[in-house]
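Okay, structure first, notes after.
Every number in this text was worked out from the coordinates using simple rules, so none of it is lab data. Please read these numbers as outputs of a predicted model, since none were measured by experiment. All Cβ positions, even for glycine, are placed from backbone atoms using ideal geometry, and neighbour counts span all protein chains on display.
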Amino acid sequence: MGIITALIALAGLLAALGHVGYLAMLQNAASKRGQSGGEVATYTKSRWPVAGGAAGVSLIGLLIVMGSGSFGGDLIGLVLAVGGGVVGYRGLQTERNRYPSS
């Protein structure tokens, strides 16, 4: 079950990192607009803890899966990684619906 759980945990991490990347893109675009991007910049600053937390939890889950040789460790790591990935994915969808890219 090791390789399967590692791939699933990696997918969870990638989903969480997608949210981080989209927030970085939004913040970069808002900073280029100056004063007119102030609302978006403030919003993205408030969302960084969610994105960072989801990515961090997913990374911890992936590390547990990679370092564990037992079924219990794989299961705990998988739950953490998938949970962080789901939070990251839902956050990404929220940001994309609120600020769609052209």
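Tabulated values for the structure
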item: Folded to 0 to 90 degrees: helix 71-98 orientation relative to the chain principal axis, Cα; result: 20
item: Relative contact order [Cα under 8 Å, 6+ residues apart], the chain, whole percent; result: 41
item: About the Cα centre, charge dipole magnitude for the chain (Lys/Arg +1, Asp/Glu -1 at Cβ), debye; result: 400
item: Computed [θ] at 222 nm, deg cm²/dmol, the chain (DSSP H ≥ 4; -39,500 (n - 2.57); rounded to nearest 500); result: -32000 deg cm²/dmol
item: Theoretical FRET efficiency, 1/(1+(r/R0)^6), r = Cβ-Cβ of F71 and L7, R0 22 Å, to 0.05; result: 0.85
item: Computed lengthening from V86 to K45, 0.36 nm per intervening residue step minus Cα-Cα distance; result: 12.7 nm
item: Average projection area in nm² (convex hull over Cα atoms of region 2-98, one quarter of hull surface); result: 5.7
item: Between region 76-93 and region 34-61, the Cα center-to-center distance that results, in Å; result: 15
